[in-house]
Structure formats: C-alpha cells, structure tokens
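The values are calculated or read from the model by the stated rules, or taken from the named source; none is laboratory data. If you're wondering where the values come from, they're calculated on a predicted model, not measured in any experiment. All Cβ positions, even for glycine, are placed from backbone atoms using ideal geometry, and neighbour counts span all protein chains on display. Remember, those area values only see protein heavy atoms, side chains included, never the ligands or the DNA or RNA. Shrake-Rupley method; radii C 1.70, N 1.55, O 1.52, S 1.80 Å.
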Amino acid sequence: MAKIGNLGKLITFEVSSKKVFTFNDMTRKASGRWVKQEPIMRKPKSEFLGADLQEVSLSILLSSTLGVKPRKTLERIVKAVEKGEHFTFVIGGKPVSKNKWIITNISEAWDVILSKGELVQAKVELNLQEYS
C-alpha cells in the first residue's frame, strides 16, 4: 500500500492493488487580513492584522470498483461535518499546516446506483478550513 496522506482518522488517501482512494483538483487559499484606516485629507493607510484561516478544496471519486465503499464513506464524512470534528491534514507525510482542519461543507453527486439502490460511484467535493 502506498499512503498518499490522511485527514485524521476519517480519511486515508491510498493506492494499493485492492484499493484506490485518492483526490484531485486540490486548491489551497492563504490570505492576510487587512483593514484600511481613513485619515482625514490623506490617503488611506493599510494595516495588516495577521494571517487569515487557510482554505482547501478537493475532489474525490468514491467507487466500489476501486475498493471503496461510497455510501459508508459518505456517511462517515457527513457525520464528521455535522459534529464539527477537526483533523490533522497530512499529504506526503507532511502536515498541510501547523493547525488542524475542519470540513466546512461536502457536496456529493451520486453517479452510479444499482437497481436495489446500492451506490456504486459518487463524486465528492470537500471544502476544508484551518481550525485554530
């Protein structure tokens, strides 16, 4: 098994002969917090307040043909979102930031469903935010 990373104990991104659980289209946003002071008869002055919380979004394909149980995985993720759980986010053995992360929202598209309602494949969009 080749471990790519993990989101705490909730998700382990990995590739093996039995399972492919990866992500793609990951984007990361880091920004600063600024305010503009408005002195009379002079140009405004920008004041740096500090770093803002980072954000990450990523896409995941959950497919039973790749050794993943889509419905069970979705239920675990939704439960974590609704409970407000926070996780360490690691990729390539290194934390993405020194802080933990929360899942601010999940969007799912159920692509393949069998005749008895078994979910075979779903696409998931996760939005994470730094937790401090």
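Data overview
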quantity: Lone unmet requirement of (1) within 26 Å of Leu119 (Cβ to Cβ); (2) surrounded by 14 or more Cβ atoms within 10 Å (Cβ to Cβ); (3) under 12 Å from the mean Cα position of the chain (by Cα) for Gln54; calculated: (1)
quantity: Residue within the range 25-40 that is within 20 Å of the chain's Cα centre (by Cα), exposed (fewer than 12 other Cβ atoms within 10 Å of the Cβ), not hydroxyl-bearing (Ser, Thr, Tyr) and not in a loop (DSSP other than H, G, I, E, B) present; calculated: yes
quantity: Which numbered condition Val68 fails, given (1) part of a loop (DSSP other than H, G, I, E, B); (2) under 25 Å from Ser31 (Cβ atoms); (3) in contact with a Leu (Cβ under 6 Å, 6 or more places away or on another chain); calculated: (2)
quantity: Any hit, the range 43-52, residues being modelled with pLDDT of 95 or more, of a type outside the set (Lys, Arg) and closer than 24 Å to Lys3 by Cα; calculated: no
quantity: Single match in Lys83, Lys45 (criterion: within 17 Å of the chain's Cα centre (by Cα), more than 26 Å from Leu114 (Cα to Cα), free of Cβ contacts under 8 Å to residues at least 40 places away in the same chain and open to solvent by 50 Å² or more (accessible area, probe 1.4 Å)); calculated: Lys83
